[in-house]
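A short worksheet on the structure shown next.
The values are calculated or read from the model by the stated rules, or taken from the named source; none is laboratory data. This structure is a prediction, so every number in the text was calculated from the model and none was measured. Positions of Cβ are generated from backbone atoms using ideal geometry, with glycine treated the same way; all protein chains shown enter the neighbour counts.
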Amino acid sequence: MTPTKILYVDDEAMALKYFERLVSPLAPVLTAGSVEEGRAVLLAHGADVAVLVCDQRMPGERGNELLRHAREYYPGIVRMLTTAYSELGDAIEAINTGEIYRYINKPWELESLRADLKNALELAALRSERDGLMRDKLLAQQSRLLANRLAALFMVGAALRGVAPDQALYRFAEAALMVGGTEPPVDWNRWDHADLLQAEARRGAAMAALLRDGVQSLGARGEPAGALLALARSVGGEVDGDAVRVSDAAVFSGLLVAPAGQAPTGAQCAWLAWLLWQEGQAQVTPEAGGWRVRLAEAQALRDDWLAAAMERLGQATA
């Protein structure tokens, strides 16, 4: 939603009324009588505020303190300072430190005030559109990262087992969808595309080693009871009759949704290692307080099951 409101902060009640009367034909106006009240209004209505106009000289904290707060916590808001000529130095300092878009001299000249605010609203709308496009782009990149991780696990599984690990990866993706999750967190201020690809490649190599060790540690496949006991030991679950009870969702999803750049752990790889060892002959179902893993026959799969799983994972975490 595009923010449309203007917040005006001034300790003079007449100034608040005068500003609202002059500006309300242009946009909805919120008012506050102090820096503290301004923070409270931003906390309650920050997503709706497009422009913040603040008087500089007020009892207690000055206006630039609120503008600095808005810059840190509400960077999309266009910030403006209104000052008397005698306070011009404060306005210049605020501009130089990046706290404000521009300043408005007091007393106001009506047409100039409206023109400045109209420009500020247009800038806020452009920022909102830019942020929305960037947010959509980053979500798409994170969804692709999730799909790339599933594809990498498929290739690692094939290399480890010598055959296509469709059953194991299908059950792995099925369980990840069941427990839910988020896109892998990515600090886009830290990672550019090439660095992220390198980090994911190193992560894939580390996962391959951990999965190989995990499969080898399980030894030869034996009776169903032994398979369930091995799973319980691997993932920290509890054998309960013909199933293993698992309470931690991260057992099933942690390998896919871990933050970019975070090295995989043996615990994150344990579930997939067991599935590869068991050739995917297991199924996860929800129950109160967690999930149950039972042994199950192989599933008949379509040729495009992997593509479908990638798409469903992306939709589930969007």
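What the table shows:
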| quantity | calculated |
| --- | --- |
| Meets criteria (assigned to a helix (DSSP H, G or I), assigned by TED's automatic domain parsing to the domain that holds G204 and out of contact with any Phe, Trp or Tyr (no Cβ under 9 Å at 6 or more places or on another chain)) for L228 | yes |
| Test for V235: is it among the β-branched types (V, I, T), more than 21 Å from the chain's Cα centre (by Cα) and under 27 Å from A201 (Cα atoms) | yes |
| Strands (runs of 3 or more DSSP E) fully within the stretch 237-315 counting 2 or more residues that are in the same structural domain as A164 (by TED's automatic domain parsing) and either touching a Ser or Thr at 6+ places or on another chain (Cβ under 8 Å) or of a type in the set (K, R) (or both) | 290-295 |
| Hey, A152 touching a helix residue (DSSP H, G or I) at 6+ places or on another chain (Cβ under 8 Å) and at pLDDT below 90 or not | no |
| G204 being exposed (fewer than 12 other Cβ atoms within 10 Å of the Cβ) and not charged (D, E, K, R) | no |
| Residue within the stretch 84-97 that is at pLDDT 85 or above and touching a Leu at 6+ places or on another chain (Cβ under 8 Å) present | no |
| Condition met for E183 (acidic (D, E), surrounded by 14 or more Cβ atoms within 10 Å (Cβ to Cβ) and in contact with a helix residue (DSSP H, G or I) (Cβ under 6 Å, 6 or more places away or on another chain)) | yes |
